[in-house]
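The values are calculated or read from the model by the stated rules, or taken from the named source; none is laboratory data. Please read these numbers as outputs of a predicted model, since none were measured by experiment. A quick note on method: Cβ atoms are made from the backbone with ideal geometry, for glycine too, and the neighbour counts reach across all protein chains shown. Heads up: the accessible areas ignore ligands, DNA and RNA and are worked out on the full protein's heavy atoms, side chains in. Shrake-Rupley method; radii C 1.70, N 1.55, O 1.52, S 1.80 Å.
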Amino acid sequence: MEKVTCRQWLAVVGAMLGAFMAVLDIQITNSSLNDIAGALGCSLDEGSWISTSYLVAEIIVIGTTAWLARVFSIKRYLLFSVVSFVFFSLMCAFATNLNMMIIGRALQGLTGGALIPLAFTVNILILPPAMRPVGNAIFAMTATFAPAIGPTIGGWLTDNYGWQWIFFINVVPGVIMFFLLAEYLDGKDEMNLDLLKEGDYIGIFCMGLGLGSLEYVLEEGERKDWFGNPLIRNFAIVAVVFIVLFIWRELTAKKPFVNLRVLGHLSFTLSTLILAALGLALYGTVYLIPVYLAQIQGYSPFQIGLTLMWVGLPQLVLLPFVPKIMKLIDPRVVAGIGLALFGSSCFIDSFLDPDFGMDQFRFSNIIRALGQPLIFVPLLSMSTEGIPPSEAGSASAVFNMARNIGGSVGIAMLSTIVTQREHLHSVHLGEFVTTYTPAVAARLNQYQQIFESKGIDPGTAQGYALTALNHQVQNNAYLMAYSDAFLCIGVALFLAIGGLFFMPKAVSGGAMPTGH
């Protein structure tokens, strides 16, 4: 068995640290948007662009990373990306208005987004097939642990030091990563600037415009009444047209910058589709739980972070053992168990009640944490089965884009489900909550007496009582709506298990040949 040197492991760790930073920054602002929006003097709706701009930029650059790495070399592109990522993080920390923050976050996404597929590529190029599952487990930490721990870190930093430290925190890991890569990553591949003359700029333009428009529609659709808004309709048309043109271009071009023919490998295609479902569930739950806890339970950013912490910490214990588990059990079975665990945790959360908070989420979050590594690591190994070295970069780009697109679709879908189902449940509850119902009349009288005991006159107290009852009905409607959303995630994950039945058995441990 080929031995991996200490230098090689340090280079892999450096690349993985970059991916961890980039994924962490997707979610780290979520629990602190109120504070950031307040400091920048903008509404929460406008402040949502702080996350949207990062996501849009990141998903665009992920698709171009493989080509840019061939042009400038993997090592040079990695070093440039980490320096730029840290610089633009500081730009965000010192932002004094919303426009400056949005520009900083977009540039942060453009540079940080490259760190994710490059880490995957470094894992493939440096580690021999026998050790690649260990690298996959480390990479899984960036994909599943980082989103879970992001709101925890963000909430704690905001509550104790201020929101600016959400961005300052990137400096120290960035310096460590730069040192590890500069010192230990062997830059065997040279720059090939001649590729700039042969660049598939039509494909890049179509992908950027198509995926960027799709991200905008998904992120802003719910807030802008979806296709009832002319701007959303226009962006949706642009997204469909240019994504179709992008697919056609990459399948027909002589030198495509993303070789979509990699989807001709059944294991890769099925793994990518299941990964999209995992992205939907992963980013969907990390979106739903904070919104629920803030809206229904009135939790602070740090309390929300403590709740989500239990999705992250158990993964650190399990991840090192996943490669060993895969040697004993078929990776398809391992992934199926992971999907079943993750889906079951969502079914548990689909029975919300007014007292469902941090303590109640702990059990389902631990089950979720146990399931996520069991899904991602086997998928990573099975996806690389049979992929030739020349398609490694394209496979990395498509694989990582699938996760991000799945996450964006999931957040948009779940946001719509919560809104629409809350309206529906409010109407249904309203049919039973009338002043002619004895129980309702008794509750109104109870509320009125409470307000009158505080010195409020009977007429005003009656109005307050009606408002309090309406608030309770609306809260119950939201509880039922959030329950429906968790149920949908669980169903999606169990449906994804079906894809594993069509997955061919790995013949080489899911190891992609070394090369670039």
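Where the eigenvalues come from the Cα gyration tensor of the range 200-314, what are the semi-axes √(5λ) of the equivalent ellipsoid, largest first, in whole Å? Working shown, then result.
Details: eigenvalues 237, 96, 22 Å².
Ellipsoid half-lengths, sorted descending, are 34, 22, 11 Å.
Using a 1.4 Å probe over the heavy atoms of the protein chains, calculate the carbon and sulfur portion of the accessible area of the chain as a whole percent.
Numbers: 14390 of 21150 Å².
The value for the chain is 68 percent carbon and sulfur by accessible area.
So, in Å, what gap is there between the alpha-carbon centers of the range 408-427 and the range 349-395?
Comparing the Cα centres of the range 408-427 and the range 349-395, I get a distance of 23 Å.
With point charges of +1 on the Cβ of Lys and Arg and -1 on the Cβ of Asp and Glu, referenced to the Cα centre of the range 216-370, which listed residue (VAL238, VAL317, THR307) lies farthest in the positive direction of the dipole?
In the range 216-370, that residue is VAL238.
Can you send over the solvent-accessible area of VAL427, 1.4 Å probe, protein chains only, in Å² to the nearest 10?
90
Once phi is turned into ³J(HN,Hα) by the Karplus curve 6.51 cos²θ - 1.76 cosθ + 1.60 with θ = phi - 60°, what whole-Hz value does each residue of the range 237-252 show in order, with x for glycine and proline?
Result, ordered by residue: 4, 4, 4, 4, 4, 7, 5, 4, 5, 4, 4, 4, 4, 6, 7, 10 Hz.
Would you kindly find the accessible area of TRP226, with a 1.4 Å probe and non-protein molecules such as ligands, DNA and RNA excluded, rounding to the nearest 10 Å²?
60
Once you have all Cα-Cα distances for the range 9-123, histogram them in 5 Å bins from zero and send the whole-percent values.
The percentages, shortest bin first, are 2, 13, 23, 23, 16, 11, 7, 4, 1, 0.
Working from Cα positions, state the angle (0 to 90°, nearest 10) between the long axis of helix 301-318 and the longest principal axis of the chain.
40
Treating each Cα of the range 156-263 as an identical point scatterer and ignoring solvent, apply the Debye formula and state log10 I(q)/I(0) at q = 0.14, 0.19, 0.21 Å⁻¹.
-0.91, -0.93, -0.96
Express the Stokes-Einstein translational diffusion coefficient of the range 347-406 in µm² s⁻¹, to the nearest whole number, given a Kirkwood radius over alpha-carbon pairs, 10 °C and a viscosity of 1.306 mPa s. Each step should come with its number before you reach the end.
Details: Rh = 14.4 Å.
It comes out at roughly 110 µm²/s.
Report, in degrees rounded to the nearest 10, the 0 to 90 angle that the Cα long axis of helix 146-160 makes with the longest principal axis of the chain.
60
If you wrap a convex hull around the C-alpha atoms of the chain and split its volume per residue, what is the figure in Å³?
Values: hull volume 81.5 nm³, N = 516.
Hull volume normalised by residue count: 158 Å³.
How much of the calculated P(r) for the range 278-373 lies past 23 Å, in percent of all Cα pairs? Please list the in-between numbers first.
On the way: 1203 of 4560 pairs.
Tail of P(r) above 23 Å: 26 percent of Cα pairs.
In what sequence, highest mean first, do 472-482, 399-409 appear when ranked by Cβ atoms within 10 angstrom? If you can, show how the numbers build up before the last one.
Working: 472-482: 18.5, 399-409: 23.3.
Order by mean packing, descending: 399-409, 472-482.
Once the Cα atoms of the range 258-327 are picked out, what are the Rg and Dmax in Å?
Rg, Dmax (Cα atoms, Å): 17.3, 49.
Enter the accessible area of TRP67 (Å², nearest 10), with the probe set to 1.4 Å and all protein chains included.
The value for TRP67 is about 20 Å².
On a 0 to 90 degree scale, rounded to 10, what angle separates helix 331-348 from the longest Cα axis of the chain?
For helix 331-348, the angle is close to 20 degrees.
Given an 8 Å cut-off on Cα distances and at least 6 residues of separation, report the relative contact order of the chain as a percent.
Values: 856 pairs, mean separation 109.8, N = 516.
Relative contact order, the chain: 21 percent.
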